[in-house]
Amino acid sequence: MNKPLRRIAIFCGLLVLALLVRVNWLQYVRADELNANEHNRRVQIERYAHERGNIIVDGNPVTGSVETKGSDFKYKRVWKNGPMWAPVTGYSSQAFDASQLESIEDGILTGNSDQLFFDRTLSLFTGEKKTGGNIVTTLNSAAQKAAFKELGNKKGAVAAIDPQTGAILTLVSTPSYDPSVFAGNSLKDAEARQQLLKDKDKPMLNRALRETYPPGSTFKVVTAAAALENGLYKDIDDKTNSPLPWRLPLTTGNLANEGNIPCENASLREALRWSCNTVFGKISDDLGNQKMIDEADKFGFNEEIFTPVRADASVYPKDNRPQNAMAGIGQASNRATPLQMAMVAAAVANDGKLMQPYMVAERQAPNLDVIYTHEKEQFSQPLSGENAQKLQQMMETVVENGTGTNARIPGVTVGGKTGTAQHGLNNSENPYAWFISYAKTDSGSPVAVAVVVEDSQANRDDISGGGLAAPIAKAVMKAVIDSKK
Amino acid sequence: MSVVTNTTTIGAIDAPSRRNTELMLMVFAVAISVFAYANVGLALNGELPSGMLGYGLGLALLGGIGHLAVRKFARYADPLLLPLATLLNGLGLAIIWRLDQSERFQATENFVPAASKQLVFSALGVALLVVVLLALKDHRILQRYTYISMLVALFLLILPMFFPAVNGAKIWIKIPGLGTIQPGEFAKIIIAVFFAGYLMVKRDALALASRRFMGLYLPRGRDLGPILMVWAFSILILVFETDLGSSLLFFGMFVVMLYVATERTSWIVFGLLMSAAGAVGVAAFEPHVQQRVTAWLDPFDGWGKLAASEQMAKSLMAFGSGGTLGTGLGQGNSDLIGFAANSDFILATVGEELGLAGMMAVLLVYGLIVERGVRTALAARDPFGKLLAIGLSGSFAIQVFVVAGGVMGLIPLTGMTMPFVAAGGSSVIANWALIGILLRISDTARRPAPAPAPSPDAEMTQVVRP
């Protein structure tokens, strides 16, 4: 009977061997895949098991982490002034994942990033409690507050950049939301989120980065840059070849100006000062679609911008002649995000050099060691230094004695451009009020800003870039200049 | 384990009893378990658990009593079986206690801590082991009860049919005030006694009277009777009690014993064919079994749709999350599995918290128990002892494979418990009795023969090496 016994012994050995192979397969080969499975609640538990690192503005955290009870998620994200900072931080919810910086920098904030490997290994021996690292942003809290306060109940967005570095100083979108209300995973959180999603004012939309508007007359700055760069006009005070009225090419209609303004053969400086549609429409047509696209691209149009939070691509489209002429004055299919228009102002202010916009200055390990510092980086050069200075003179004239006088700051050189973008079928809806500007001091330009207001409550006549948007831009620029003193 | 390398299965005169080896190993088994228990407390509460002394003493007492009983009544018994079983039981207790501490479980409505109950069951189990050693002076006595065993086993297996199903399977009987019993666990041992007794008598007839056909010895039609009966019975269990595990276990055990008794490979072929036919046939119309198969084929596909799939997926994720070294006892989230986390799915906790390393160790401990059982069968000098030992250790191996393979997704899941580790009174008590019988057989086998009357079987076994 011993021969079959030995065979049974081998059989039993094979059974155990099969189990051993299987357990190696599960726990070694497939471990990572199973560990990261979308249904694996451990991922979420781990994410919220430790105090989450903070997002820091001007040395102060704008976020926090509180311990919660009655859930297997130990810590919950909280915000200080959530509605104001939501367009910067995004949300981080136990039940609904995370967005924007909270999502992109999740590895650092949770402390799980590979960049923190050394730090983690060290704390394994020192026995320190695991916490997340911090994200130090470039934002300027004074400017952010000013923009948020000035926008108030109006619907709109503000984006401000330091033209010399590309550092994002302000990112405001209103109406906004408080990410704290759905940071947990309770039924109440889910309802609060539903409420926000259903709100027709779209409070969770980050208008500064993720909404594209027709840029209206503010785009004339880009068109002027194209004219100068392509040598169409060299002197900004020379007369241009601009008949009035000017017929939109291939159509039977004339391109109208806002009111009876001196646009016939106006110089570039005067044309920008009065915001002449006929002059810039014709420039766009003279240059042609491709040259306009090329110049817009240099300013950052037609691609997504990563700050690292993604900004939607602004659009200067391929189009036929009349549409291209319209696009040259910021109408037709021309679309831009507030960040994009801030970049336009910044490029002009920084003598033609456009810096890559960014909002993460540093990443800090949990022990506050800096593990990453942003190095400023040029995005492109949309125009030469000489042409940039010409454009600066033009924009400064606009603020000095043009449509943008509301943005004047005593003792500071300010250049800007208003915009009133029409939209809706036959311009039936209230236009958007735009203002882009920059301020300049002895040490170059510290701030460039773009403001858009889409307030349907306002009177149509009131919505003009100079009236609604310029004071907001002024407040932001003033806050930045004051904070540097 | 170098102390046991020189073990010829049948000792010469004055063969070492290895009782001191057993004691040493027992100390290790208890120490490892106490360490695990302390580990859980430190991880969960940052301090040594208050029940540690009680737990340690209790386990040491159980192991000690078992050891003393073996020393007194089964002097030459295998020295590994008892410490291995104690180790598994102790580890199981620590893990069950760990799962008792889970806040997720404590928050559920009908949460009952299981660890203290399990300790009582373990004590009962060891008591039963002592009774077996004390009352069963020679395992051959069991041979007298061959047909009575059959009746008792049948009775035990049929009994649960008259009780309501629990979680889809009718394998429990409920005694008001006492709790539930899973008679199948006991039937496993009793039926092994019946098979051993029956096959010992019939083995010659089954082995010799056959025709050769295509290289296989085909049994005569009337000799097919018993295997057909056992097969039919397994199918009945499957259909009426929806208990895939027990059905597989009984049939597998019978085929193994039949093969050993007759030395005919044809029986294995028949066995495999019949179990395949039975499984496919039943799966065709039994929704309970179908669900298990679906869950096994793609556990994540059925997420949110089929409870069985979700449970399976959760188990796999627990294993995956453990990785190579595990999270450490008390630091994982295996309680996410929820239902049956401390019984059928307890290996998932081992996998998550002790990692691949811990799982391999635990599987090897099970493998060692089986190996000692098979070795006992090899060493036994009488065919009844051989058959009984291989039946018990074979069924133990099949059970381990079916449960561990089930929770790891190697084979469809069946509702059975992991011997010794899983929470469950019947299982732990019955398995201690099983170890008792194996100890008794190995004691008889290893005991220096009073008179040198070598049988042909014994002659062969002398040359067996591990």
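The values are calculated or read from the model by the stated rules, or taken from the named source; none is laboratory data. Computed from a predicted structure; not experimentally measured. Please note: Cβ atoms are built from the backbone with ideal geometry, for glycine as well, and neighbour counts cover all protein chains shown.
Are any residues in region A:254-280 more than 30 Å from A:Lys353 (Cβ to Cβ) and in a loop (DSSP other than H, G, I, E, B), and if so, which ones?
A:Ala256, A:Asn257, A:Glu258, A:Gly259, A:Asn260, A:Ile261, A:Pro262, A:Cys263, A:Glu264, A:Asn265, listed by residue number.
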If I ask for residues that are of a type outside the set (A, V, I, L, M) and touching a residue at least 60 places away in the same chain (Cβ under 8 Å), which ones from region B:268-299 would you list? B:His288, B:Arg292, B:Trp296, B:Pro299
Which ones in region B:339-357 are surrounded by fewer than 21 Cβ atoms within 10 Å (Cβ to Cβ) and either among the β-branched types (Val, Ile, Thr) or at the interface with chain A (Cβ under 10 Å from one of its Cβ atoms) (or both)? B:Ala357
Quick check on region A:52-59. Is at least one of its residues facing another protein chain (nearest Cβ under 7 Å) and not polar (S, T, N, Q)? no
Which residues, taken from region B:72-126, are touching a helix residue (DSSP H, G or I) at 6+ places or on another chain (Cβ under 8 Å) and either at positive phi or small (Gly, Ala, Ser) (or both)? B:Ala74, B:Ala77, B:Ala85, B:Gly90, B:Gly92, B:Ala94, B:Ser102, B:Ala114, B:Ala115, B:Ser122, B:Ala123, B:Gly125
Say whether the condition of being facing chain B (nearest Cβ under 9 Å), surrounded by 14 or more Cβ atoms within 10 Å (Cβ to Cβ), among the β-branched types (Val, Ile, Thr) and free of Cβ contacts under 8 Å to residues at least 24 places away in the same chain is met by at least one residue in region A:22-41. yes
In this structure, is B:Glu371 charged (D, E, K, R), facing chain A (nearest Cβ under 10 Å) and under 15 Å from the mean Cα position of the chain (by Cα)? yes
Residue that is surrounded by fewer than 20 Cβ atoms within 10 Å (Cβ to Cβ), more than 13 Å from chain B (Cβ to nearest Cβ), without any contact (Cβ under 8 Å) to a residue 24 or more places away in the chain and closer than 30 Å to A:Ala208 by Cα, where the choices are A:Val66, A:Val78: A:Val66
Tell me the residue from B:Ala77, B:Ala69 that is among the aliphatic types (A, V, I, L, M), closer than 28 Å to B:Asp138 by Cα and within 21 Å of the chain's Cα centre (by Cα), please. B:Ala77
Against the condition part of a helix (DSSP H, G or I), of a type outside the set (Lys, Arg), in contact with a Phe, Trp or Tyr (Cβ under 9 Å, 6 or more places away or on another chain) and under 30 Å from A:Asp72 (Cα atoms), how does B:Leu119 come out, does it pass? yes
Of everything in region A:97-127, what is surrounded by fewer than 16 Cβ atoms within 10 Å (Cβ to Cβ) and in contact (Cβ under 8 Å) with a residue 12 or more places away in the chain? Give them in sequence order. A:Ser103, A:Gln115
I'm checking my understanding of the structure. Among residues of region B:251-269 that are at pLDDT below 85 and surrounded by 21 or more Cβ atoms within 10 Å (Cβ to Cβ), which one is nearest to the chain's Cα centre (by Cα)? B:Trp267
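This table checks each residue for (1) charged (D, E, K, R); (2) more than 30 Å from A:Ala147 (Cα to Cα).
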| site | (1), (2) |
| --- | --- |
| A:Leu205 | no, no |
| A:Ala224 | no, no |
| A:Leu232 | no, yes |
| A:Glu258 | yes, no |
| A:Ala266 | no, yes |
Of the listed residues (A:Ala98, A:Ala142, A:Ala146), the one being under 25 Å from the mean Cα position of the chain (by Cα) and under 30 Å from A:Gly70 (Cα atoms) is A:Ala98
Right, A:Ile283: within 23 Å of A:Ile104 (Cα to Cα) and of a type in the set (A, V, I, L, M) or not? no
Pick out, from region A:143-253, the helices (runs of 4 or more DSSP H) lying fully within it that include 2 or more residues that are crowded, with 17+ Cβ neighbours inside 10 Å and free of Cβ contacts under 8 Å to residues at least 60 places away in the same chain. A:187-198
Among B:Ala115, B:Ala74, B:Ala135, B:Ala127, which is within 20 Å of B:Ile435 (Cβ to Cβ), buried (at least 18 other Cβ atoms within 10 Å of the Cβ) and hydrophobic (A, V, I, L, M, F, W, C)? B:Ala74
Sole miss for A:Val88 among (1) farther than 30 Å from B:Tyr259 by Cα; (2) touching a helix residue (DSSP H, G or I) at 6+ places or on another chain (Cβ under 7 Å); (3) assigned to a helix (DSSP H, G or I); (4) within 14 Å of chain B (Cβ to nearest Cβ) is condition (4)
If we scan region A:107-114, do we find a residue that is β-branched (Val, Ile, Thr) and either within 16 Å of the chain's Cα centre (by Cα) or under 30 Å from A:Asp482 (Cβ atoms) (or both)? no
The conditions are (1) surrounded by fewer than 20 Cβ atoms within 10 Å (Cβ to Cβ); (2) modelled with pLDDT under 75; (3) in a helix (DSSP H, G or I), and B:Met229 fails exactly one of them. Which is it? (2)
Counting only residues that are facing chain B (nearest Cβ under 7 Å), closer than 22 Å to B:Arg381 by Cα and not basic (Lys, Arg), which one in region A:2-21 is surrounded by the fewest Cβ atoms within 10 Å (Cβ to Cβ)? A:Asn2
Flagged in region B:69-109 as of a type in the set (S, T, N, Q) and farther than 22 Å from B:Ile429 by Cβ, in numbering order, are B:Gln101, B:Ser102, B:Gln106, B:Thr108
Kindly list, by first and then second residue, each pair from a residue in region B:383-397 that is more than 9 Å from chain A (Cβ to nearest Cβ) to a residue that is among the charged types (D, E, K, R) and surrounded by fewer than 24 Cβ atoms within 10 Å (Cβ to Cβ), limited to pairs with Cβ atoms under 6 Å and residues at least 6 apart or on different chains. B:Phe384/B:Arg140
Return the residues of region B:292-338 that are more than 10 Å from every other protein chain (Cβ to nearest Cβ), over 16 Å from B:Pro412 (Cα atoms), surrounded by fewer than 24 Cβ atoms within 10 Å (Cβ to Cβ) and at pLDDT 85 or above; say none if nothing qualifies. B:Gly328, B:Gly330, B:Gln331
How many of the residues in region A:79-136 are within 12 Å of A:Thr63 (Cβ to Cβ) and charged (D, E, K, R)? 3
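I'm trying to understand the selection: among the residues of region A:394-409, which are of a type in the set (S, T, N, Q) and part of a helix (DSSP H, G or I)? Spell out the reasoning first.
Taking region A:394-409 as the starting set, the residues that turn out to be of a type in the set (S, T, N, Q) are A:397, A:401, A:403, A:405-406.
Selection gives A:Thr397, A:Asn401, A:Thr405, A:Asn406.
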Apart from one, (1) surrounded by fewer than 21 Cβ atoms within 10 Å (Cβ to Cβ); (2) touching a residue at least 40 places away in the same chain (Cβ under 8 Å) all hold for A:Lys282; the odd one out is (1)
